[in-house]
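The values are calculated or read from the model by the stated rules, or taken from the named source; none is laboratory data. Everything quoted here is computed from the prediction, not taken from an experiment. Heads up, the Cβs are rebuilt from the backbone with ideal geometry, glycines too, and the neighbour counts pull from every protein chain shown.
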Amino acid sequence: MKLQEKIIKKTDDLFQAYVYPLINKKRNVKCPCCGWTGPRFLHHGLERRPNSRCPKCDSLERFRLYYLYLKKTLPADKPIRVLHFAPEKIISKVFMSYPNVDYLSVDINPAKAMQKEDITNLSFADHSFDLIFCSHVLEHIPDDRKAMREIKRVLKPDGLAILLVPIMDSYKGRKIEKTYEDFSITDPKQREMAFGQHDHVRIYARDFNERLEEAGFNVTIDKFVESLSIHDVERYALMPKNSFANETDGWIYCCRRS
């Protein structure tokens, strides 16, 4: 994004976050991550999802869902070591707000995290982490099975890995019953046509859990969003309660060593 575009975006965000709520007094939505309230969230994404992005903290639907899930499930009474791949700022803040959490974020790009790591060849010893959080990363990784095995290797025997990817039941009118990948497609424009994004290498289907099991995980799908009230789902604008979302967008894949 060019500097001029960044300035325009930031100016618009400031208007939407602080000025527009003064004009429109409705408080239909609330961001659980930063506390912002207003008439609606902003459009976001290639498909321009309505009521999606918080103008104050940039949280998206899935970030708000993960925020609520982690606040409910993170232990506060014992020390835990956490590994976070491709860290989202909102989720990083959750982990770092817990004094008992020894937190480390990693990314292949050292400018985006605390430490540079290749998810398919991690530098850590076996059984190093109590909790591993990896959201919307594996669809970018050609050898995702190797990445899954590496995550399992560095997870403690009683640890938990939360592994999340976009899962589609259909794409451009065709049903997706099995994970689709074609490594002969290397051009970014062709990848966008085939997989929905220029830097994706596959479309995951509901057999995602089978890949995780092949890597040696016991997988539990926590349909956390279904435990929330309709009021909270609408107020926080969570997936999958909109026409752009798939049922699986509300699922949390909880993986433990088998």
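Restricted to the stretch 213-229, and to residues that are more than 17 Å from the chain's Cα centre (by Cα) and not in a strand (DSSP E or B), which residue is farthest from residue 183 (Cα to Cα)?
229
Answer yes or no: is there a residue in the stretch 219-233 that is within 22 Å of residue 32 (Cα to Cα), without any contact (Cβ under 8 Å) to a residue 12 or more places away in the chain and touching a Lys or Arg at 6+ places or on another chain (Cβ under 6 Å).
yes
Right, residue 177: out of contact with any helix residue (DSSP H, G or I) (no Cβ under 9 Å at 6 or more places or on another chain), at pLDDT below 95, assigned to a loop (DSSP other than H, G, I, E, B) and among the charged types (D, E, K, R) or not?
For residue 177, the condition - out of contact with any helix residue (DSSP H, G or I) (no Cβ under 9 Å at 6 or more places or on another chain), at pLDDT below 95, assigned to a loop (DSSP other than H, G, I, E, B) and among the charged types (D, E, K, R) - is met.
If you check every pair at least six apart or on different chains, which have Cβ atoms under 6 Å apart with a residue in the stretch 94-107 that is outside any helix (DSSP H, G or I) first and a residue that is surrounded by fewer than 18 Cβ atoms within 10 Å (Cβ to Cβ) and charged (D, E, K, R) second?
102/81
This table checks each residue for (1) modelled with pLDDT of 95 or more; (2) over 30 Å from residue 122 (Cα atoms); (3) under 17 Å from the mean Cα position of the chain (by Cα).
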| residue | (1), (2), (3) |
| --- | --- |
| 39 | no, yes, no |
| 48 | no, yes, no |
| 53 | no, yes, yes |
| 65 | yes, no, yes |
| 86 | yes, no, yes |
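Here's the yes/no breakdown for (1) assigned by TED's automatic domain parsing to the domain that holds residue 115; (2) touching a residue at least 40 places away in the same chain (Cβ under 8 Å):
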{"position": "28", "(1), (2)": "no, yes"}
{"position": "33", "(1), (2)": "no, yes"}
{"position": "43", "(1), (2)": "no, no"}
{"position": "81", "(1), (2)": "yes, yes"}
